[in-house]
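See below for the structure under consideration.
The values are calculated or read from the model by the stated rules, or taken from the named source; none is laboratory data. The structure displayed is predicted, hence computed values, not measured ones. Positions of Cβ are backbone-derived with ideal geometry, glycine not excepted, and every protein chain shown enters the neighbour counts.
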Amino acid sequence: MKVLFATTNPAKIKKYADELAKKGIDIITIKDIGINLHVQENGKNVIENAYLKAKAYYDKTGITTIGMDNSLYIENLPEDKQPGTHVRRINGKELNDDEMLEYYTNLVHKYGGKLIAKWVYGMVIYNGKDKREYSWNKSNFYLVDKPCQKRNQGYPLDSMSIMPDCNKYFVDLTKEDKQNYNENDVIQFIVNNIK
């Protein structure tokens, strides 16, 4: 079965496409179909933003669509500095990967060089009738102001995020290191709600 993933982020696509293909679900990207809508991500949380994306692309294509959004919360930052659902949109500007890395490296440096952080993820599958939603988080890691040289296109903050359990940057984590991050649960959610 084919399903549309409403994202231009190559890291999100890469993260799920291979495992889903093994389960008979082929991911189509918005690049594959040549449509890139400008969806106003003005929801109050990641689930609302994921739904806005999924519905907009389903309405345009008629293809069952996955929408996904992330939000970032960083301890010891004032409320007005919290990225929340605006991780890439800073002061009204959409940042590219390099700009994100520069902005967050400087922010972490300003507040001590090492800050505990938490990602909250939301995913919605929409088929024109039903909306299925799933949320999870990645916590117990910290951001540092000294990024490594390795990059994960689409997820630049992986170069400055460290998992304390193994003291590795996210870009250096092995498949075994990632077992704590519920990726199998996300795959199962998609499989259960597509077929």
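Points worth noting:
- Of the criteria (1) modelled with pLDDT of 95 or more; (2) under 22 Å from residue 47 (Cα atoms), which one residue 113 fails: (2)
- Unique residue being within 14 Å of the chain's Cα centre (by Cα) and over 30 Å from residue 59 (Cα atoms) when the list is 97, 158: 158
- One residue stands out in the stretch 120-129 among those that are touching a residue at least 60 places away in the same chain (Cβ under 8 Å) and not small (Gly, Ala, Ser): the one that is farthest from residue 60 (Cα to Cα), namely 120.
- Set side by side, the residues 117, 50 differ, and just one is free of Cβ contacts under 8 Å to residues at least 60 places away in the same chain and surrounded by 14 or more Cβ atoms within 10 Å (Cβ to Cβ), which is 117.
- Taken over the stretch 29-47, the criterion of being surrounded by 15 or more Cβ atoms within 10 Å (Cβ to Cβ) and without any contact (Cβ under 8 Å) to a residue 40 or more places away in the chain is satisfied by 29, 30, 39.
- Filter result for residue 150 (charged (D, E, K, R) and under 28 Å from residue 3 (Cβ atoms)): no
- Selection of first residues in the stretch 160-187 that are on the phi > 0 side of the Ramachandran plot and of second residues that are modelled with pLDDT of 80 or more and not in a loop (DSSP other than H, G, I, E, B), restricted to Cβ pairs under 7 Å at least 6 apart or on distinct chains, gives the following pairs, ordered by first then second residue: 182/136.
- Pairs, first of a type in the set (Phe, Trp, Tyr) in the stretch 8-22, second in a helix (DSSP H, G or I) and surrounded by 14 or more Cβ atoms within 10 Å (Cβ to Cβ), C-beta under 8 Å, six or more apart: 16/186; 16/187; 16/190
- Restricted to the stretch 1-109, the set of helices (runs of 4 or more DSSP H) holding at least 1 residues that are of a type in the set (Gly, Ala, Ser) comprises 10-22, 46-61.
- The lone exception for residue 56 - which of (1) in contact with a strand residue (DSSP E or B) (Cβ under 7 Å, 6 or more places away or on another chain); (2) more than 30 Å from residue 149 (Cβ to Cβ); (3) among the aliphatic types (A, V, I, L, M) it fails: (1)
- When the stretch 126-166 is filtered for residues that are surrounded by 19 or more Cβ atoms within 10 Å (Cβ to Cβ), outside any strand (DSSP E or B) and at pLDDT 95 or above, the ones remaining, listed by number, are 147, 156, 157, 158, 159, 160.
- Odd one out for residue 136, checked against (1) touching a residue at least 40 places away in the same chain (Cβ under 8 Å); (2) within 20 Å of residue 153 (Cα to Cα): (2)
- Within the stretch 62-76, being crowded, with 17+ Cβ neighbours inside 10 Å and either under 18 Å from the mean Cα position of the chain (by Cα) or at pLDDT below 95 (or both) holds for 65, 66, 67, 68, 69, 70, 71, 72, 74.
- Members of the stretch 167-194 that are part of a loop (DSSP other than H, G, I, E, B), at pLDDT below 90 and surrounded by 12 or more Cβ atoms within 10 Å (Cβ to Cβ): 182
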